[in-house]
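Accompanying notes for the structure given below.
Every number in this text was worked out from the coordinates using simple rules, so none of it is lab data. Worth saying up front: this structure is predicted, and the values here are computed from it rather than measured. Here the Cβ is made from the backbone with ideal geometry for all residues, glycine too, and neighbour counts use every protein chain on show.
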Amino acid sequence: MKFTFTEKKVEIQDELRDYAEKKIGKLDRFFKSESEAFVTFATERGRYIAEVTIKNNGMFHRVTETTSDMQASIDSAVAAIERQIRKHKTRLEKRLRDGAFERELSTSVKHDAHDDEEKDFKIVRSKKFPLKPMTPEEAVLQMNLIDHEFFVFKNQNNDDTFSVVYKRKKGDYGLIEAT
């Protein structure tokens with residue numbers, strides 16, 4: 001597992017980094033291919049925050065835990081992300097289709113932040129990410145895993161058309177498909 005550490009308003013000692021690598025590294029047994037772990041350490045009002053994001057084959061698992069001790073935050077985050085991985089991996093493998101966690105990605109979306117027609121709008125962040133063919137149900141699961149309000153994907157049920165699932169105000173979900 002490849003690790004990337006970020007510190008926000010806190011300086012972390014090497015011992016704590018090693019501790020986090022050891023604990024989070026145990027999650028690597030759930031994945032067949034190499035995965036990446038992004039760990040963010042922060043403090044806020046005397047509380048220690050550990051945010052762990054694991055990326056494997058285009059699937060993201062993210063957990064944020066806050067406690068009074070950084071090691072406890074790491075332990076809690078690892079336990080929560082392990083539950084999340086088990087829950088969603090089992091659901092995808094059994095209910096949707098075999099190999100949902102194993103498919104390799106090949107297509108990526110490109111976004112140009114310097115569009116001449118939209119000079120009045122200031123784009124402050126731009127992201128590039130691979131578009132994975134999946135069902136709308138899979139897309140909703142992935143959106144919930146990363147705790148976002150919407151998720152862009154290729155709709156496997158509709159000839160791999162560009163689609164978006166999103167959370168509605170009433171708590172259910174919506175689907176937007178390109179024609």
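A few points about this structure:
- Efficiency of FRET between Asn144 and Tyr19 - r from beta-carbon atoms, R0 22 angstrom, step 0.05: 0.15
- Long pairs among Lys89/Lys132; Lys22/Lys132; Lys26/Lys55; Lys122/Lys154, criterion Cα-Cα beyond 21 Å: Lys22/Lys132; Lys122/Lys154
- Karplus-based coupling profile of the range 66-75, in residue order and whole Hz: 10, 9, 8, 9, 5, 5, 5, 5, 5, 4, with θ = phi - 60° in 6.51 cos²θ - 1.76 cosθ + 1.60 and x standing for Gly or Pro.
- Taking each residue as 0.36 nm, the span from Thr40 to Ile12 lengthens on full extension beyond its C-alpha to C-alpha distance by 9.0 nm.
- The range 164-179 - phi-based ³J(HN,Hα) in whole Hz, Karplus 6.51/-1.76/1.60, Gly and Pro as x: 9, 9, 8, 7, 8, 4, 7, x, 8, 10, x, 10, 10, 10, 7, 9
- Environment charge at Glu15 (Cβ cut-off 13 Å; Lys +1, Arg +1, Asp -1, Glu -1): -1
- Here the calculated FRET efficiency for Lys169 and Ala79, from their Cβ-Cβ distance with R0 = 30 Å, stands at 0.40, rounded to the nearest 0.05.
- For Thr90 and Ala178, the difference between the fully extended length at 0.36 nm per residue and the C-alpha to C-alpha distance is 28.6 nm.
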